Amino acid sequence: MLGGLKLWSVARDEIVVRDFPFDDVWYVTSADGWYWGVPYDRGGLTRQPAYPLWIAAARATGFPLRAATELLLLAAGALLALALWRAGVPQVPAAAVFAAVAFHPFSFYVNSFILPDALYAPTLLLGAAGLVALLDRGARLPVAILTGAALAVLWHTRQENALILAYLALFALLGVWVRVREAPGLRAAAREVAPLVLVPALIVGLSALALRIVNLKVFGAFTEYEFASPAFQDAYGSLLRITPDPPRPGVPAPREVRRRAYAVSPAFRRLEPHLDGRRGEHWASFSGGAPRLAGEIGTGIFGWALRDAVREAGLGGSAGEADAFYRQVAQEIDAACEGDRLECRPALLGPFDPHLPNYVSRVPASFLDQLRLLVRSGAAVDRRRPNPIRPEYLGFANQVLNRRASLLTETVRLAGWAVHPRDPVTAVSFRNPEGRVLAETARLHARPDLERHLRATFGESTSAPTEAGFALTVPLSTDRVPAGRLVFSLRSGRTVELPLEELREAPLARLRRLGSGPDALEY
C-alpha cells in the first residue's frame, strides 16, 4: 500500500531535461549509443557507463525513465526491509525502513532529473540488502553473487569507488562478530565469512577489468572512464604538486601556478590559450563565483576544463593521443619539480588538495550540510516542465527517456541580476498569483559586466557583489509573460517583490529601481 501511495504521488512527475552539455546531454546521447556507440571525439568514455546503460535499458522496455527509476527505488527499499525482517528486525521497524526509503524527501527531487544519483541510491540499497542477507548463516552463494552484481553496478555509477571497499570491510568485521557470538572461534568465523566477502569483491574486480578491456578495444584506453585514466590522474597530480602562493581552498591550479607550469612544460603551454583565455573564463563561471575563487577555475570544474582544453587544442582526437599528451605533461612538470625549477610539495591524495588546512577545518560544517540533505526536498522546481533547450534535442531526449508528452508544456526563461547596497540578495523565486513557488534558485552566478555598468550609472565609487545574476525557468502560459511575481530574498530575511505584469510594458534589460533611498533594490 505504501508503494502504491508513492507511485500515486509522483504519477504526474516527469524527468526534467536541462541544457547541460556534460551532464544531461551527455547521458542521453550516451544512452542512445549504449555507451560504446558514442565516438571518443564526441564525448565517449567521459563518464562511467552504469547510468547511461540504465537509461538505455529503460528505453528498450518502453517504460518512462521516471517511472522505471521510481519502481527500482521501491523494489530496493522492499528488499532491504525484507532482509532486515528475516535477520530478526521486528515487522514494524522493517516497514518503517521501507517507508523512509519510499518517501525520502530528496527522492521526489533527484528522481525527476537526469542524475546518476537516481540509480546510485537504489543500487546502494540493493547492495545493503544483500549484505544483510549474507549475515544469515543460511546464506547461499547465489545471494553473494547477486550482491556482487549490485555492488558492481554501484562501482560503475559514481566516482566514490573506494567506499564500496569500505562497505565490504565493514561487512566482514560485522559478519565475523555475529558468527563469533553464535559459535565461539575467531578463526572458524573468519573462514566462514571470507567466501561471502570474496565473492562480491571478485565480481566487482572482474567487472572493472572487463570494462577496461572493452574500453581498450573500443576507445583505445585501458581505463574505466576518462577521468580515471592513470595518464590523466598523473597530469592532474603534477599540477597539484606545484606549491601555490598562497594556497587557496577550492582552487587546485590557480593562474599563477599555471603560469609557472607553462614555463617548464612545453606540452602544457599549448593549453594556455584555452585555460587562460575566454574558454577558461567560461569554466571559471561554472565554479559558482564564490569570493574566495575570484574568477579562478574551482575544484570539481578544473578536471573538465583541462579535458576540454586538450580537445580544443586538437590534442585529444583519440583516447590514446590524449593519454600520450597527459603523460608528457606529467613527465615535464615532475622533472621540473625534481630539478628544483619549481617549488613543489607531495601530492599523495589523488585529486584532493594536498594543503590539508584548506579543507580539514571545513569537514564538520560539510558533514552537517550532508545531514541537512536527509530532510531537504531539494530546490522548489516544477519537475514536470523541461528547461528551455534546443527544440531538436528536446525531441531526441523525449524519445530516449520515454518522456510522457501529455505532462509537458513550454517554458519561458527569466534571467537578470539584482543588487542591494547593504542587504545582499540570497535567492530569487517566481510565484504565481496564488502564491505557489514555480521556480526558485539560491545559486546566483557571477556577472563580470555588472560593476562596470553600475559605475557608469551611479559613479566610480560604486561596487557590486561577485554574485548577482539569476536565471529561472517558468511554465509558459497563454500569455507571452506568465502571470505572477519575482520574489527577491535578502540576507536579513526581508523580501522584495516585482509583479511580472510590469514587464509587459518595459523590457527586462532596462535598469529599474524597487523602492527609494539607500534601501532600493536595483535589477
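Each value in this text was obtained by applying a stated rule to the coordinates, not by laboratory testing. Just so it is clear, the structure is predicted and the values come from calculations on it, not from any experiment. Glycine gets a Cβ as well: all are built from the backbone with ideal geometry, and neighbour counts include every protein chain shown.
Below is a table of values for the structure above.
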read-out: The stretch 205-336, relative contact order in percent, only Cα pairs under 8 angstrom and at least six apart counted; value: 30 percent
read-out: Ranked by how many other beta carbons lie within 10 Å on average, peptides 254-262, 112-120 from highest; value: 112-120, 254-262
read-out: Prolate/oblate/rounded label for the stretch 211-365 (Cα gyration tensor, a/c 1.5); value: rounded
read-out: Per-peptide average of other Cβ atoms within 10 Å, ordering 318-328, 84-94 highest first; value: 318-328, 84-94
read-out: Percent of alpha-carbon pairs separated by more than 18 Å within the stretch 60-211; value: 61 percent
read-out: Per-pair calculated FRET efficiency, R0 = 25 Å: Ala57 and Ser318 via Cβ, rounded to 0.05; value: 0.30
read-out: Cα principal axis extents for the stretch 89-164, largest first, Å; value: 40, 33, 18
read-out: Residues of the stretch 141-184 with amide N under 13 Å of a point placed 7 Å along Cα→Cβ from Glu192; value: 175-184
read-out: Among Leu240, Ala313, Leu209 - extreme Cα towards positive end, dipole of the stretch 186-323, charges at beta-carbon; value: Leu240
read-out: Cβ crowding within 10 Å averaged over residues, with 53-63, 156-166 ranked highest first; value: 53-63, 156-166
